[in-house]
Amino acid sequence: MTLNTVQKAAYKQIQSDARFLYSLTQQQPMSINTNYIMMSQPYLGLFADGAEQWCKKVGLKAPVFSEEEKRYYTDLRQGLKLYDLTYLEYKTILMSKFKESDTYFFNNRSRLQKYFGYHNVGADLCNGEFTGNTVLCAMHTPVDIWNGEELGPWLRDISIIAGKLAAYFGCTEYEPYQINNNINVKSIDFHFYQKCPLKEKTEFGFILFSILCNVNYVVEFIDKVFTDEIPQKFKFAYLQYYYLCGFIEEINKVSGSTFYLNNSLRDRSFRNCLAHYGLGQYLSTDDLIVNDPLAGLTIKAFGKDYMMTKEVLFAYLIELTAQIKEAILK
């Protein structure tokens, strides 16, 4: 099968995502625990579902999904569209997962925990910034992780196809992306809301805390941990940003809050291109920039090169997280 120039650029983007996910699983020197892997689940779904569909479309003989795998990875990538839900829908799902977590840990308290109190949420920190929590991880996973059954073997087996797809795109043919081993990553268990970092000890506070964790996973963890300027830094941040623009507006209407997120980079066609490896629907051969991390997409969309656009995008998101931290954290 011979790929045209634009298809080759798309292939390179898929290959980069495969290498990123492989790199994330190889970072033993940092002692990254499973929360960071689980926070990446929507991006695993983006890669696996998108790569399998793209290969079928262009006629490559890559591994294909079974019906069960198709349902799982289609659902898994929906974690990238959580903020496309209405505020009420998002709140209902998130707080349902929170209650499942609280019930599970309450029912499994040790004798000491019955006396001193128990933890119901684990949170990840990178250089002191919250970058994930276990309730979000449950929300990202399209199976019931609190049902008491042993899910480990099933999750292992359903993940095999993603590994095969990553291998098909040569993820192990390159060294893992370089990381900064001086980054301080750790996890802390809390009881929300008795002993937790929130001054806003309400469901609304936990919703904002989870938004903070989701955004910081990219702008504080992925961006700071990986020293290479990899396209995932921009792509994952943009997919958060695109849906948050509307979601933050709805939060303000519902709650009377005044959070602000600049929406000047919001572009549906650009988002679709990033989410589906659809370079051919957006770029012509003349638009391609071979050495650009995103093949020239940002220049076509915004008239700015990759790094200039990334700086603007990250500034918008960090401005939002600063507002959230001021509102909810002690």
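The values are calculated or read from the model by the stated rules, or taken from the named source; none is laboratory data. Computed from a predicted model, the values in this text were never measured in an experiment. Quick reminder, even Gly has a Cβ in these numbers, built from the backbone with ideal geometry, and neighbours come from all protein chains shown.
Per-residue answers, yes or no, for (1) surrounded by 16 or more Cβ atoms within 10 Å (Cβ to Cβ); (2) closer than 22 Å to Thr321 by Cβ; (3) touching a Phe, Trp or Tyr at 6+ places or on another chain (Cβ under 7 Å):
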residue: Val218; (1), (2), (3): yes, yes, yes
residue: Gln232; (1), (2), (3): yes, yes, yes
residue: Tyr241; (1), (2), (3): yes, yes, yes
residue: Ile248; (1), (2), (3): yes, yes, yes
residue: Asn252; (1), (2), (3): no, yes, yes
residue: Asn263; (1), (2), (3): no, yes, no
residue: Arg266; (1), (2), (3): yes, yes, yes
residue: Asp286; (1), (2), (3): no, no, no
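Every condition in (1) in contact with a Ser or Thr (Cβ under 8 Å, 6 or more places away or on another chain); (2) part of a loop (DSSP other than H, G, I, E, B); (3) farther than 30 Å from Ala48 by Cβ is met by Asn252 except one, and the failing one is (2). The single condition among (1) polar (S, T, N, Q); (2) part of a helix (DSSP H, G or I); (3) without any contact (Cβ under 8 Å) to a residue 40 or more places away in the chain; (4) in contact with a helix residue (DSSP H, G or I) (Cβ under 9 Å, 6 or more places away or on another chain) that Asn216 does not meet is (3).
Whenever a residue of segment 163-183 is over 14 Å from Leu44 (Cα atoms), its partners that are among the basic types (Lys, Arg) and at pLDDT 90 or above, lying with C-beta atoms within less than 7 angstrom and at least six residues away or across chains, give the pairs Tyr174/Arg19; Tyr177/Arg19; Asn180/Lys224; Ile183/Lys224. Of all residues in segment 288-317, those being assigned to a helix (DSSP H, G or I) and surrounded by 14 or more Cβ atoms within 10 Å (Cβ to Cβ) number 14. How many residues, within segment 299-328, are in contact (Cβ under 8 Å) with a residue 12 or more places away in the chain and either β-branched (Val, Ile, Thr) or touching a helix residue (DSSP H, G or I) at 6+ places or on another chain (Cβ under 8 Å) (or both)? Here the count works out to 20.
To keep it simple, each residue is scored yes or no on (1) at pLDDT below 95; (2) among the aliphatic types (A, V, I, L, M); (3) on the phi > 0 side of the Ramachandran plot; (4) buried (at least 18 other Cβ atoms within 10 Å of the Cβ).
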{"position": "Arg19", "(1), (2), (3), (4)": "yes, no, no, yes"}
{"position": "Thr25", "(1), (2), (3), (4)": "yes, no, no, no"}
{"position": "Pro42", "(1), (2), (3), (4)": "yes, no, no, yes"}
{"position": "Phe65", "(1), (2), (3), (4)": "no, no, no, yes"}
{"position": "Leu76", "(1), (2), (3), (4)": "yes, yes, no, yes"}
{"position": "Gly79", "(1), (2), (3), (4)": "yes, no, no, yes"}
{"position": "Thr86", "(1), (2), (3), (4)": "no, no, no, no"}
{"position": "Glu89", "(1), (2), (3), (4)": "no, no, no, no"}
{"position": "Thr92", "(1), (2), (3), (4)": "no, no, no, no"}
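The number of residues in segment 99-113 being charged (D, E, K, R) and not in a helix (DSSP H, G or I) comes to 1.
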